[in-house]
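The values are calculated or read from the model by the stated rules, or taken from the named source; none is laboratory data. What you are looking at is a predicted structure, and each value in this text was computed from that prediction instead of being measured. Positions of Cβ are generated from backbone atoms using ideal geometry, with glycine treated the same way; all protein chains shown enter the neighbour counts. These area figures cover heavy atoms from the full protein model, side chains too; ligands, DNA and RNA do not enter into them. Shrake-Rupley method; radii C 1.70, N 1.55, O 1.52, S 1.80 Å.
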Amino acid sequence: MIVFYYLLAVNLIAFLIMGYDKTKAMHKERRVPEKRLFLIATIGGALGMLLGMRFFRHKTKHRSFTAGIPALLVLNAVLVMVWFGR
């Protein structure tokens with residue numbers, strides 16, 4: 001059950017960070033480093049990151065994100081399936 005809450009929290013954070021970064025980009029302010037965005041996606045937040053990309057229309061022209069985040073989503077899903085033994 002704790003894994004569910006962890007994934008829920010990290011994906012919510014990922015989604016919100018995409019919105020935050022989009023706002024910063026629009027105002028030409030200091031942005032969230034791409035390494036940090038990928039780190040959040042890697043530790044389980046890929047779904048939230050992907051939904052944030054689509055919802056906020058952010059990072060959708062960057063090949064590293066349009067290919068990397070879905071790949072990390074697959075990795076996240078595989079790890080969750082392994083964790084639960086399926």
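Values as computed for the structure displayed
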{"item": "The chain: relative contact order as a whole-number percent, Cα under 8 Å and 6+ apart", "result": "31"}
{"item": "Among His62, Leu47, Phe84 the positive-end extreme of the charge dipole of the chain (Cβ point charges)", "result": "His62"}
{"item": "Solvent-accessible area per residue for the chain (1.4 angstrom probe, square angstrom)", "result": "71"}
{"item": "Charged-residue dipole, Cβ positions (Lys, Arg, Asp, Glu), the range 1-69 about Cα centre, Debye nearest 20", "result": "360"}
{"item": "For the chain, built as a Gaussian network whose Cα springs stay under 10 Å, the top-fluctuating residue of Leu39, Leu50, Leu72", "result": "Leu39"}
{"item": "Projected label distance in nm at Leu75 and Leu51, using a 7 Å step from Cα toward the beta-carbon", "result": "2.1"}
{"item": "Solvent-accessible surface ranking, highest first, for Val32, Val74 at 1.4 angstrom", "result": "Val74, Val32"}
{"item": "Protein accessible area in the chain, 1.4 Å probe - carbon and sulfur %", "result": "69"}
